[in-house]
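Student: What follows is a single structure, and I will ask about it in a moment.
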Amino acid sequence: MRTGPTSSDPTRDRRRELVRTLVEGGWLRSAAWREAFETVPRHLFVPRAFAFTPDRGAHQAIGADDPRWLDLAYADEPITTQLDSDGTRWGHTRAHGPVTGTVTSSSSQPSLMAGMLESLDVAGGQHVLELGTGTGYNTALLCHRLGAGLVTSIEYDAVVAEHARRVLHDHGLRPHLAVGDGTHGVPDRAPFDRVIATYGVTAVPSEWVAQTRPGGIIVASLNDGLGAGLMVRLVVDDHGHAHGRLTADDAHFMPTRTEVPLPVDVLLRAAATSPDGHRRNVRRTGSVPDPAPGWAVLAGLRHPGITRVTLHRDSGTVQWLLHSDGSWAYRDPATEQVEQAGPQRLWDLIEDAHDEWVAAGSPHRTRLGISVTPDRHRVWLDDPGGPHTWHRSTT
Ligand SMILES: C[S@@+](CC[C@H](N)C(=O)[O-])C[C@H]1O[C@@H](n2cnc3c(N)ncnc32)[C@H](O)[C@@H]1O
């Protein structure tokens, strides 16, 4: 195994420390994944990183010569490696100072990765598809665990993919690396025993299910505008359908590049062109707090197209719910009234989900699941065939 450190490797203690954190947090549970995280050198996959400086609200370029680089590489934190899909941004930032921008590629948070890899429940000899190669670090962990010949990974961004390929090759790792839209999977390498998605999707693509063997497992995160961070573990049945529950993780992933969320100002402009709203008193939920409580998990699971925007004003917390179809809802903190308009009554949808969650006994998120068939997603409580099932909208 060529990813192994030498006895004089000064970063080995940092990896051990990181592994200790992941084990203590309950994220890493198996000896095989512990060994992989202890061996694969994360720092080599993030030679050009960005560190966010909250006071300036900007990203600073960090390179291998920066004294903070190894701290960054071995913290249990995600590491931004690309902004605004622009491969030249790091060099520019390095030369001219911190910049703002949208994160378009990163090395995911190690605890989240560890939790996903454990959920994947891989065994030797199984063929894995990773969606979103990114830096290649997770790909390297999979190669270490299974052997590169059993690992396929696809990345949308050709510059990001080329960087990952180079680092992996430098370590003697030659998994099958594809460049393109992972929505369609990698059909010429199918079937897979395991599929792991490291970017968020609104709907699990039917191709991922079709390319997974019966009994195979798909671990993916679902986009959720209410802020709950939904991770699902699906098992594919003999009919080519997939069913599974949410994991306990509050997992926030960047969305697929094919479904870039509309900026809030665009949503607000769409709302401004809608007719005047209907006013009524708030029924149950005063607001949708952050972090999202249990009922908002059900609401976000059922209505992924609703975006929550919270603005802090002297008069209190103003909350908007927005949808790309122009629907909007606004909660006035002074009067506790809700105003809403557009094709969908968003506050009604959210309050209905709240009532359904209470009526179902206020279940923990791990009792909620989804079923994926080629034409729709269904949400359920405890059992796909049980009494509590709901439609999941995919817009
Ligand atoms: C969180 S990062 C990946 C983390 C990665 N597994 C690692 O260890 O570094 C998500 C990656 O998914 C890629 N991505 C987003 N949408 C995609 C799509 N539709 N198809 C393939 N890759 C996509 C992004 O370009 C980004 O590099």
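All of the numbers you see were taken from the coordinates with simple rules; none came from a lab. These numbers were taken from a predicted model, which means no experiment stands behind them. Cβ coordinates were reconstructed from backbone atoms using ideal geometry, including for glycine residues, and neighbour counts include every protein chain displayed.
Student: Using alpha carbon coordinates only, what is the Rg to Rh ratio of region 1-152, with Rh defined as the Kirkwood radius?
Tutor: Ratio value, two decimals: 0.98.
Student: Quickly work out the V264-to-V358 label distance, labels modelled 7 Å from Cα along the C-beta direction, and quote it in nm with one decimal.
Tutor: 2.8 nm
Student: May I pose another question? Given the -39500 (n - 2.57) contribution per DSSP H run of 4+ residues, what per-residue ellipticity at 222 nm results for the chain, rounded to the nearest 500 deg cm²/dmol?
Tutor: Calculated from helices alone, the mean residue ellipticity at 222 nm is -8000 deg cm²/dmol.
Student: Please give the length that would be gained between R213 and D65 if that part of the chain were fully extended, namely 0.36 nm times their separation in residues minus their C-alpha to C-alpha distance (nm, one decimal).
Tutor: Net length gain for the segment: 48.7 nm.
Student: Going by how many other beta carbons lie within 10 Å of each one, how would you line up T93, T80, fewest first?
Tutor: T93, T80
Student: If you don't mind, there's one more thing I want to ask. Assuming R0 = 41 Å, what is the FRET efficiency of D121 and T53, from their Cβ-Cβ distance, to the nearest 0.05?
Tutor: 0.60
Student: Compare the peptides 121-132, 298-309 by average per-residue count of other Cβ atoms within 10 angstrom and give them in order, highest first.
Tutor: So the peptides 121-132, 298-309, ranked by packing, come out 298-309, 121-132.
Student: How much length is gained if the chain between T389 and A95 is pulled fully straight, taking 0.36 nm per residue apart and subtracting their Cα-Cα distance, in nm to one decimal?
Tutor: Stretched fully, the T389-A95 segment lengthens by 100.4 nm.
Student: What does the extension gain come out to for V318 and A32, with contour length at 0.36 nm per residue minus their alpha carbon separation?
Tutor: Going from the current span to full extension adds 98.2 nm.
Student: Now for a different question. Any chance you could give the angle, 0 to 90 degrees and rounded to 10, that helix 137-146 forms with the longest Cα principal axis of the chain?
Tutor: Tilt of helix 137-146: around 60 degrees.
Student: Compute the acute angle (0 to 90°) between the alpha-carbon long axis of helix 346-359 and the principal axis of greatest extent of the alpha-carbon atoms of the chain; round to the nearest 10°.
Tutor: Once rounded, the angle reads 80 degrees.
Student: Bin width 5 Å, alpha-carbon pairs only: give the P(r) of region 325-393 as whole percents, running from 0 to the bin holding the largest distance.
Tutor: 3, 14, 19, 19, 16, 15, 10, 3, 1, 0
Student: Also, quick follow-up: For the chain, find the longest principal axis of its Cα atoms and tell me its angle to the long axis of helix 12-24, 0 to 90°, nearest 10.
Tutor: Approximately 40 degrees, to the nearest 10.
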